[in-house]
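Reviewing the structure listed below.
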Amino acid sequence: MSTQTPNLTMSGSARRRIKDKLASVGVTTGGILVLVALLLIFFYLLYVVKPVFESAKVEPVSQFSLSLSGEPVLLGMDDQQDIGYRFSRQGGMDFFSIKPQSGYPVGQVILHQQLDEAVTSVSITASATPMVVFGLDNGTARVVQPGFLITYPNDKRTTQAVVKSPLGDEPLVLDEQGRAITGLAFEAKSDKRLFAVQTVDDQLALVAQEGEENFLSGEVEWQTNHYSMPAMNGHIDQLLLTPDLRYLLVRGGNLLSVYNISDLSNIKLRSAIEVNEPGAQVTGISLLSGASSIMVTNDNGVISQWFEVVRNGQREFTRIRDFQAEGSVRLLAAEHSRKGFVTLSGDHQLGLFHATGETRLLSQSLGDVAVTSLALAPRNNGLLVERQGGFDYYRVKNHHPEVTWSALWSKVWYEGYPEPQFVWQSTSASDDFEGKFSLVPLAFGTLKAAAYAMLFAVPIALAGAIFAGYFMSAGMRKVVKPTVEIMAALPTVILGFLAGLWLAPFIEQHLPGVALCLILLPLSMLAAAFAWHQMPRRIKERVPDGWQALILVPVVLLVGYGCFAFSPLLEDWFFNGNARGFITHDLGIRFDQRNALIVGIAMGFAVIPTIFSIAEDAVFSVPKHLTQGSLALGATPWQTLSRVVILTASPGIFSAVMMGLGRAVGETMIVLMATGNTPVMDFSIFEGLRTLSANIAVEMPESEVGSSHYRILFLAAFVLFIFTFIFNSVAEFVRQRLRDKYSSM
């Protein structure tokens, strides 16, 4: 026996060392893997977000020689950028190949047509597929449109260029006297077409065609009416019609006259505005995508944006922002589906801008040869430039122009808004919709929801933790602590469901009762404590030490029930039976049924177990010799609690609060179901909100992969990651300082 004992001891020691080593390696490996996972998440979010901040690029792809006659008025491409087209002021219409994929050699003319009549004016519509109207010298006009027929013979895509006549092959009579048309504007809707016509003697008139479906034949019959315009002084340089057929814009020099033509029988001059820069001359006006904004170009390189703003109950065109090009602006081409535009200043300086972002994305020289025309591709990813003797084709990399630092974090003045605002609105049913991606309302909603949740949870959780860890008896603590901790296992989707469908309507119907509870519950607890203190000793001794808190349970239940039972009577007495109406109409406070109050209660209920459990462990873990020594020196239990226990447990208590805050900031399902998801910025407890996490959960399924919306949602996740990182870092720093300060106690 004596000879085997050392061997057994050495063998057991060796096994323990191996186990210790394996445990150490396992813990270290697990910790490293956690850090690696966090870093991978961090870098993946950066990887997805990075493209939105990349600079715009215009890269040359091809250059070919092609001489076409006439002065260009319209340049464009098909969706695939295989075929380009060019319409001239003299009535020429040419289609030519840009890429070999078109089936033709690059630079070859595919189709050429020429109007036989004498063209005296030209107008182009603002639609994505523009129509060209040629005004003729006999008072008539022809409307043509570039078109492309795509077929797949032998499973190979083939594009054929055609010139369409969307309004018929016959010329349209615009001036019954047969005078030459020297100025022209045209826009059309499904049931209405409108021409603004300037004749050779500077007379201006409107020609409207209104369609009505014949209920027998099913054909649309068009009726033409002529309307005279108010007399105008001065020369007319430019005419524009808005696609909604609401306004006619007439520019004469630097003066822009806006006519309201929504009622053609009562045409009114809406406003007359000097739109030039001081000391400069206007070179042209254009409509931005959506036709809500007017872009005014000047010969000093300044481009100004104007749109309607409601002021004093009236809508008026207002100068919103300016852009600076390099030299006199000769050409401006708007993007087809975004609020961007390109300019040609001087002879060959290209500028790429985004209106809402108020940014110049690119400034680049196109060479030494003078440029005569340019056009963006329908998908805004290509640029066709006509120069003397040929064409240049460029690839445009400008995927996310609307995403800028100012658009994400600063106020932006959007079209139709009375002033700059923080707005999150990612989708709309309108084709002309502009995405609004301010993260400020979402970050504000996240912090607001967390603040109200912590305001509700922290006092209850910490008070309960201190009482359970210091005053409560061991038997009662064995029941209370596991019960509270079980609350943490409740699915948050259930809490959100109850908050949205039961709690929110209940509180709306019992608003006076809620206010009464906030007053009477604390008072009733104090009254119950005072009454207990005044009771005879023989009665108090019947309740075991540490079980006195049970006395408050019936008090809280009875007072709470009484407040809500008495609520309808209070509402009739003081609010004429409608407390919500009093808040909304008399106090002027907006009231949403699913509001911050509901979120504070529901999310606070979810956060309480986390804070309670960690704080209670910290209080309960205070060494007994500290409390016993304090009591032995004559301190009261409350003095011991405030000057010994809480100070010693302060690192754990602070960690509990910060853990609860981290849980509240990242909560998704409760705020998703109980807030109304309205991205507004208001501290009111009666208004809803939208948080970063809820926004990601709501909008990620509907976002297009790779789009600006998609990447900004990942940016929102990155911001949420940064929030939690900051909170945890601050919490650890403060906890460590508290631990160092009070560890010697």
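What to note about this one:
- The requirement of being in contact with a Gly (Cβ under 7 Å, 6 or more places away or on another chain) and over 30 Å from Val719 (Cα atoms) is fulfilled nowhere in segment 54-62; no residue meets it.
- Leading residue by the ranking (surrounded by the fewest Cβ atoms within 10 Å (Cβ to Cβ)) among those in segment 141-199 that are within 28 Å of His235 (Cα to Cα) and hydroxyl-bearing (Ser, Thr, Tyr): Thr182
- Residues that are outside any helix (DSSP H, G or I), surrounded by fewer than 16 Cβ atoms within 10 Å (Cβ to Cβ) and not β-branched (Val, Ile, Thr) within segment 423-472 comprise Gln425, Ser428, Ala429, Ser430, Asp431, Asp432, Phe433, listed in sequence order.
- Flag if Asp368 is part of a loop (DSSP other than H, G, I, E, B) and within 21 Å of Thr283 (Cα to Cα): no
- Being loosely packed, with under 14 Cβ neighbours inside 10 Å and at pLDDT 90 or above is not true of Val207.
- Which listed residue is farther than 30 Å from Gly500 by Cβ, part of a loop (DSSP other than H, G, I, E, B) and in contact (Cβ under 8 Å) with a residue 24 or more places away in the chain, from Val622, Val680: Val622
- Tally of residues being in contact with a Gly (Cβ under 9 Å, 6 or more places away or on another chain) and in a helix (DSSP H, G or I) across segment 406-422: 2
- Residues (part of a helix (DSSP H, G or I), loosely packed, with under 12 Cβ neighbours inside 10 Å and either in contact (Cβ under 8 Å) with a residue 12 or more places away in the chain or not aromatic (Phe, Trp, Tyr) (or both)) located in segment 540-571: Leu550, Val553, Pro554, Leu557, Leu558, Ala565, Leu569
- Given (1) touching a residue at least 24 places away in the same chain (Cβ under 8 Å); (2) surrounded by 19 or more Cβ atoms within 10 Å (Cβ to Cβ); (3) in contact with a strand residue (DSSP E or B) (Cβ under 8 Å, 6 or more places away or on another chain); (4) not hydrophobic (A, V, I, L, M, F, W, C), number of the condition Gly290 does not satisfy: (3)
- Only one of the listed residues (Pro166, Pro130) is touching a strand residue (DSSP E or B) at 6+ places or on another chain (Cβ under 6 Å), within 17 Å of Gly91 (Cα to Cα), part of a loop (DSSP other than H, G, I, E, B) and free of Cβ contacts under 8 Å to residues at least 40 places away in the same chain. That residue is Pro166.
- Only one of the numbered conditions (1) in contact with a helix residue (DSSP H, G or I) (Cβ under 9 Å, 6 or more places away or on another chain); (2) farther than 27 Å from Ala602 by Cβ; (3) of a type outside the set (A, V, I, L, M, F, W, C) is violated by Lys397, and that is (1).
- Considering segment 337-365, the residues that are in contact with a Leu (Cβ under 7 Å, 6 or more places away or on another chain) and part of a loop (DSSP other than H, G, I, E, B) include one that is surrounded by the most Cβ atoms within 10 Å (Cβ to Cβ), namely Ala355.
- Cβ pairs under 7 Å, 6+ apart, first in segment 304-316 and acidic (Asp, Glu), second part of a strand (DSSP E or B) and surrounded by fewer than 18 Cβ atoms within 10 Å (Cβ to Cβ): Glu308/Arg315; Glu308/Glu316; Glu316/Ser271
- In segment 36-56, the residues that are under 18 Å from His399 (Cβ atoms) and in contact (Cβ under 8 Å) with a residue 60 or more places away in the chain form Cβ pairs under 7 Å with partners that are assigned to a helix (DSSP H, G or I) and among the hydroxyl-bearing types (Ser, Thr, Tyr), at six or more places apart or across chains, as follows: Val52/Ser708.
- Subset of segment 577-602 that is assigned to a loop (DSSP other than H, G, I, E, B) and under 28 Å from Ala457 (Cα atoms) - its residue that is farthest from the chain's Cα centre (by Cα): Ile589
- Residue in segment 704-725 that is among the acidic types (Asp, Glu), part of a helix (DSSP H, G or I) and either buried (at least 21 other Cβ atoms within 10 Å of the Cβ) or at pLDDT below 90 (or both) present: no
- Residue match in segment 85-102 (condition: surrounded by fewer than 14 Cβ atoms within 10 Å (Cβ to Cβ) and among the acidic types (Asp, Glu)): no
- All positions within segment 201-252 that are in contact with a His (Cβ under 7 Å, 6 or more places away or on another chain) and farther than 22 Å from Pro130 by Cα: Ala205, Gly252
- Any hit, segment 511-534, residues being at pLDDT below 90, touching a helix residue (DSSP H, G or I) at 6+ places or on another chain (Cβ under 8 Å) and not in a helix (DSSP H, G or I): no
- When segment 386-405 is filtered for residues that are surrounded by 15 or more Cβ atoms within 10 Å (Cβ to Cβ), out of contact with any His (no Cβ under 9 Å at 6 or more places or on another chain) and not in a loop (DSSP other than H, G, I, E, B), the ones remaining, listed by number, are Glu386, Gly390, Phe391, Asp392, Tyr393, Tyr394, Arg395, Val396.
- Residues of segment 9-17 include none that is of a type in the set (A, V, I, L, M, F, W, C), assigned to a loop (DSSP other than H, G, I, E, B) and surrounded by 10 or more Cβ atoms within 10 Å (Cβ to Cβ).
- Selected residue (only one of Gln90, Gln113 is within 30 Å of Asp237 (Cα to Cα), modelled with pLDDT of 90 or more, in a strand (DSSP E or B) and more than 43 Å from the chain's Cα centre (by Cα)): Gln113
- Test: residue in segment 224-238 that is of a type in the set (D, E, K, R) and either under 30 Å from Met295 (Cβ atoms) or buried (at least 16 other Cβ atoms within 10 Å of the Cβ) (or both): yes
The values are calculated or read from the model by the stated rules, or taken from the named source; none is laboratory data. From a predicted model like this one, the values you see are computed outputs, not experimental measurements. We place every Cβ from the backbone using ideal geometry, glycine too, and count neighbours over all the protein chains shown.
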